[in-house]
Structure formats: C-alpha cells, structure tokens
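Visitor: I have a structure here, written as structure tokens, and I will follow up with some questions on it.
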Amino acid sequence: MTDAERALWRLLRDRSLQRAKFRRQVPIGRYVADFLCYEARLILEVDGSHHGDERAPIDAERTVWLESQGFRVLRFWNSDVLLARDAVLTAVLSALESAPVLASGIDPPHPAATPPPSPARGEGETHPTLGLYVHWPFCKAKCPYCDFNSHVRESVDQGRWRAALLAELEHYARQAGRRRLPSIFFGGGPPSLMPPATVAALIERARQLFAFDPAIEITLEANPTSAEAGAFAGFAAAGVNRLSLGVQALDDASLAFLGRQHSAAEALAAVALARRAVPRLSFDLIYARPGQTPAAWAAELARALEEGTEHLSLYQLTLEENTVFHARARRGELALPPEATQAALYEATQETLGRLGLPAYEISNHARPGAESRHNLVYWRYGDYLGIGPGAHGRLTLANATPQGEKLALSQHRAPEVWLERVEREGHATRTRQVLAPEERLRECLLMGLRLAEGVPLARVAAESGRPLADWIAPARLSAALEACYLTLDEARVAATAEGRQRLDALLKHLLA
Ligand SMILES: C[S@@+](CC[C@H](N)C(=O)[O-])C[C@H]1O[C@@H](n2cnc3c(N)ncnc32)[C@H](O)[C@@H]1O
Ligand code: SF4
C-alpha cells in the first residue's frame, strides 16, 4: 500500500463515513478497484502524480468501463489525499449522499452486490448478444422436493438425443442470426448424466453458429456423486469452464432427508475434483430444512466457503405441488420451520455471507465480486437467450418494424418423448412462440431486474417497453413503495431493497396494479 492509499484508508474510517463500508483491492471484471463501497456503488482510486502520469490513458479506459458497469469512480491524486484531506472527505461524502441506496435514507442491513461485469449488453441497446440454455431432462432418481422438468427413464438413446439437441440448436440459430455468445448453460436433471461427447458436440456446433465471446462462460450443472464426478475432466475437455454442483447440504442426515443420492463426504470429494477440473465453481444448498437452526446454518455456510467456492446458490426449501414433500406435508408428516425461524435463517445467510465476502447479488445468489453467474445475469438483465431441449424457454428480440424490435417468448414441449419425436419430425419442438406486448415486456423486465441488488436501469425499462417508467406506474403507488423502503429510485435506476426483494411478487403487483 502506498502512503496515499494508507492515508485514504485511514480517512475512510472517519466517523462521518461509518455507514459506508469500503473494501480494499476488490476485483471487478478485469480490474481491481482500489477501494469499493458496495452499497453506494462507489469506487475510489488513487493516482500517481499530476505530472507525467503513466497510468493516465489506462485509467481513463478503466473509468469508462467501470462506469459502464454502473459504478461511480472518484479519482484522487496522491498529493490530494496526503495534503487536502478535508476536500477528499467532502467529495466522498457528497458522492455517498447522491448514491442510489444511501440517498433514499435506507441503511441496507447487508451490502448490496457489486454490479458485475456485463457480458449481456450495454444499457438501452437492443440485443446483440445471446445466452444459450440447454436442458437435459433425465435424473437417476426424483428428489422428493423437486418439481423441475426432470424424469427417470430406464434407458436413454444417447445417439437420438444428441442429434435432436443439435438439430434444435441449428433451428434456433437460424432465427437468432450470428450473435455474440457470452454464455452457455447446461441445466436440468442434471446434465452431468450427459455423455461428455454430446456436451462437446453442442459446444462445437455453437462455436460454428455464433461468435463466442472471448470470455465465454460455459456452465454445467452436476450432481456430486462419485460416478458423475468421474466425468468432470471430460466436461472440462469439452469446453465447460464452470461447474454448478447440487451439494444441497453438508451433513448426511439432511442429505438423506432430501432424498439425495450422495453422502456429504462424496459431495466434498466431488467439489475437490471440480476445483481441479474447471476454473470456476458454484454450489447449491437448500436451507430452512425442518429443525435447522440459524447457528447451525451459519456454520454450514462457513464450512461451504472453506471449499473455496466463489459462488453459492442458496434456496429456501419450498413445498412444490406434485412433489413427495408436498404430499407428506398435506398428510401432516412434514412441516417447514415456522416463519420467524425462516426469517432468522435468511438473516443468518445475509449476515454470514456478507461478512465472508459473498454478498447477495440476487435473491438467492451470492458471489465474490466479479464471480457472478454471467448466464443468469442474462436472464435477470432481461437479455436475449435461446433455450433448447424439453421445456426450455427463450426470449429473442428481432430487429424489425417496431423501434425496440419485436420480442418473442419461446418455449419447447416439456415431455421428453414428445419433444424428441417433434424435433425428429420438424427440426424443432416449439410449443409456444408469442410476441410480447410492451406491458408484458415491462413486467418481465422489472420482475427479472428487481431480483438483482443492482436493480434495473431506467434506460432499459424505456428501451423494452417504449415508454419511461413514470408512464407505467401511478405516482401514489411508487411513493408508497419508496416510503415503505421496498424500493429505491434515482435518475438512472430503480432497485428493490433487501426487504423489497423478499416480497417481490407482492411489490410488483402493487406497482403495476
Ligand atoms: C432444479 S435443480 C437442478 C440441479 C441439479 N439437477 C441437482 O439436483 O443438483 C436446481 C436447484 O434448485 C434447488 N431446488 C429444487 N427444488 C427445490 C425446492 N423445492 N426447494 C428449494 N430448493 C429447490 C436445488 O438446490 C437444486 O440444486
Ligand atoms: S433436484 Fe436435480 S437431481 Fe433431484 S430431481 Fe430435481 S433435477 Fe433431478
């Protein structure tokens, strides 16, 4: 640390700045910010000297990029920090006052997430980029809580499935055109049961059909059984660079309760293998399990982080209709923890992971800054994506008559056999292909974007729906949400607070009534 950086660090401990938590040397995309306050999306940088500063052109480029990601960047010269302490303090305080979250007078209980590098698109642009989702619909056994489109079959004709997935990919690529591809996501029940050769063939075909982003993220969901872990190296060789493991719990009793096919030791061994196989790793855990205490959950989270993961998806157990758990709950054989315990478990999640450097950037997703799931960000930022495979969904904006382009909502047949038969007959298994009306685009854009701590740029709302946000929401409804501290709004962005994100459906119903 230079003298000036040390002086700035000391200054940030000033009492008047105590509500704003700054961290040092935080990686954001391809840069490392000198000092970052998540809540206020404010970066402070310290530069060499007024004279002959070699970093100047790089810094300009760096500032432009960071600002394009939704940060405000304040740059100070070494000499200012050392000699003009009061001026620096005033500048930082005034930037904090005009920052979106702090400006509303809400002191968020937990750091909001850093807006991560945006592979999706620039704000307000149409949709030059595209995410690709591939759904694999087969599981070894159906978990008792899961209502996902996943099915158990005695055998799967791998050759037919591979050919059909490739055919549907080609069909949709013809509709989308040759766009830039920032991410591919293999999801489902789980795709670690796919032969690596099928994954390799799909990645290769996508490489021919689209322009791969140099930093393309290719994620594959995997169950952490020893058999599936054996294929991790094969997936990595196919081009997968991120694994998302369904660990679900770190003790055997909970895993047995959740009906999982692996023990805790097996899951941890799979995590270790995954870490060696690919550069990026995430895992899923389910909490609010019967009898779980906040202290035990906090310890489990801390244990999870010891495995070195940069990203965690944490889901509160829900009783989905048509699942075994739902039926057991109806018979009185299973009960979720009371609401107060669920709230305490949520609080423990936010507190533990905020403290350990993985704040929530989305309702259920936590990441170290820069390690957010780029693919899921495409959905939440309401970018375009293609979904291929049974039940997969897509959103595709066509450059045509309307100023914002027509946006299509696409979905495929859900039943695996119907899907396969349709693709073999027609080259695709499209079940719905619907042009979205402006109000529907507004609703979806908010529904997705307000899940994110960074919120939604107002320019995006206008670009999607053709009208500014103020035209869509009655002023009294907006003020009520702002006063209740469920929402923040400034000249550039609307965002849900942590409290607002917890009741997002009700909040949107209120706003768009
Ligand atoms: C649909 S699954 C697919 C992932 C993969 N097949 C697996 O089992 O690991 C995605 C994640 O959603 C979560 N999930 C599914 N059903 C859930 C439920 N009823 N309550 C809470 N989380 C659930 C699990 O954490 C799971 O890993
Ligand atoms: S949680 Fe995953 S493995 Fe379990 S049934 Fe659902 S998709 Fe299959």
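The values are calculated or read from the model by the stated rules, or taken from the named source; none is laboratory data. Just so we're clear, the structure is a prediction, and the values are computed from it rather than from any experiment. With ideal geometry, Cβ positions are generated from the backbone for all residues, glycine too; neighbour counts draw on all protein chains shown.
Visitor: Residue under question is PRO195, and the condition is that it be of a type outside the set (Gly, Ala, Ser), over 23 Å from the mean Cα position of the chain (by Cα) and farther than 22 Å from GLN175 by Cα; does it hold?
Guide: Here the answer is yes, as PRO195 does meet what is asked.
Visitor: Can you name the residue in the range 246-287 that is in a strand (DSSP E or B) and touching a helix residue (DSSP H, G or I) at 6+ places or on another chain (Cβ under 6 Å) and is also farthest from GLU300 (Cα to Cα) among such residues?
Guide: Out of the qualifying residues, it is LEU281.
Visitor: Mind listing just one residue for me: the one in the range 175-198 that is within 16 Å of ligand 2 (Cβ to nearest atom) and farther than 19 Å from LEU377 by Cα and, of those, surrounded by the most Cβ atoms within 10 Å (Cβ to Cβ)?
Guide: My answer is SER192.
Visitor: Checking the structure you have, find out if any residue of the range 291-310 is near ligand 1 (Cβ under 10 Å from one of its atoms) and either part of a loop (DSSP other than H, G, I, E, B) or in the same structural domain as PRO191 (by TED's automatic domain parsing) (or both).
Guide: Looking for residues that are near ligand 1 (Cβ under 10 Å from one of its atoms) and either part of a loop (DSSP other than H, G, I, E, B) or in the same structural domain as PRO191 (by TED's automatic domain parsing) (or both), one finds none in the range 291-310, hence no.
Visitor: Same structure, new question: Consider LEU193 carefully, then state whether it is of a type in the set (A, V, I, L, M), in contact with a Cys (Cβ under 8 Å, 6 or more places away or on another chain) and within 12 Å of ligand 1 (Cβ to nearest atom).
Guide: The answer is yes for LEU193.
Visitor: Mind checking which residues of the range 238-256 are free of Cβ contacts under 8 Å to residues at least 12 places away in the same chain and within 16 Å of ligand 2 (Cβ to nearest atom)?
Guide: Passing the criteria: only ALA256.
Visitor: Which numbered condition trips up GLU228, out of (1) assigned to a strand (DSSP E or B); (2) acidic (Asp, Glu); (3) closer than 18 Å to GLN158 by Cβ?
Guide: With (1) assigned to a strand (DSSP E or B); (2) acidic (Asp, Glu); (3) closer than 18 Å to GLN158 by Cβ applied to GLU228, the lone miss is (1).
Visitor: Is there a residue in the range 322-332 that is in contact (Cβ under 8 Å) with a residue 24 or more places away in the chain and within 10 Å of ligand 1 (Cβ to nearest atom)?
Guide: Within the range 322-332, one or more residues are in contact (Cβ under 8 Å) with a residue 24 or more places away in the chain and within 10 Å of ligand 1 (Cβ to nearest atom).
Visitor: Here are some conditions: (1) under 23 Å from TRP297 (Cβ atoms); (2) at pLDDT below 95. ALA399 meets all but one. Which one does it not meet?
Guide: (1)
Visitor: Can you tell which of ALA335, ALA360 is of a type in the set (A, V, I, L, M), crowded, with 21+ Cβ neighbours inside 10 Å and assigned by TED's automatic domain parsing to the domain that holds ALA302?
Guide: Every option except ALA360 fails the conditions.
Visitor: For ARG441, work out the one condition from (1) basic (Lys, Arg); (2) within 19 Å of the chain's Cα centre (by Cα); (3) surrounded by 15 or more Cβ atoms within 10 Å (Cβ to Cβ) it doesn't fulfil.
Guide: So the condition that ARG441 fails would be (2).
Visitor: Taking into account only those residues within the range 130-189 that are within 11 Å of ligand 1 (Cβ to nearest atom) and among the hydroxyl-bearing types (Ser, Thr, Tyr), which is nearest to GLN208 (Cα to Cα)?
Guide: SER150
Visitor: What residue, among those in the range 199-224 that are away from ligand 2 (no atom under 16 Å from the Cβ) and among the β-branched types (Val, Ile, Thr), is nearest to GLN158 (Cα to Cα)?
Guide: VAL199
Visitor: While we're looking at this one, here's another question. If LEU319 satisfies all but one of (1) in contact (Cβ under 8 Å) with a residue 60 or more places away in the chain; (2) surrounded by 18 or more Cβ atoms within 10 Å (Cβ to Cβ), what's the number of the condition it fails?
Guide: Only one criterion in (1) in contact (Cβ under 8 Å) with a residue 60 or more places away in the chain; (2) surrounded by 18 or more Cβ atoms within 10 Å (Cβ to Cβ) is unmet by LEU319, namely (2).
Visitor: With the checklist (1) surrounded by fewer than 19 Cβ atoms within 10 Å (Cβ to Cβ); (2) more than 28 Å from ALA360 (Cα to Cα); (3) of a type in the set (Lys, Arg) in hand, flag the one item LYS509 doesn't pass.
Guide: Result: LYS509 fails condition (2) only.
Visitor: Which one of the conditions (1) within 16 Å of ligand 2 (Cβ to nearest atom); (2) in a helix (DSSP H, G or I) does ARG162 fail to meet, given that it meets all the rest?
Guide: For ARG162, the failing item is (1).
Visitor: Where in the range 375-477 are there helices (runs of 4 or more DSSP H), lying wholly inside it, with at least 2 residues that are within 30 Å of LEU243 (Cα to Cα) and free of Cβ contacts under 8 Å to residues at least 60 places away in the same chain?
Guide: Answer list for the range 375-477: 416-426.
Visitor: With (1) in contact (Cβ under 8 Å) with a residue 60 or more places away in the chain; (2) more than 16 Å from ligand 1 (Cβ to nearest atom); (3) surrounded by fewer than 22 Cβ atoms within 10 Å (Cβ to Cβ) as the list, and PHE210 as the residue in question, which single condition is left unmet?
Guide: In the conditions (1) in contact (Cβ under 8 Å) with a residue 60 or more places away in the chain; (2) more than 16 Å from ligand 1 (Cβ to nearest atom); (3) surrounded by fewer than 22 Cβ atoms within 10 Å (Cβ to Cβ), PHE210 misses (3) alone.
Visitor: Related question: How many residues are over 11 Å from ALA498 (Cα atoms) and within 9 Å of the chain's Cα centre (by Cα) if we restrict to the range 343-367?
Guide: Qualifying residue count, the range 343-367: 4.
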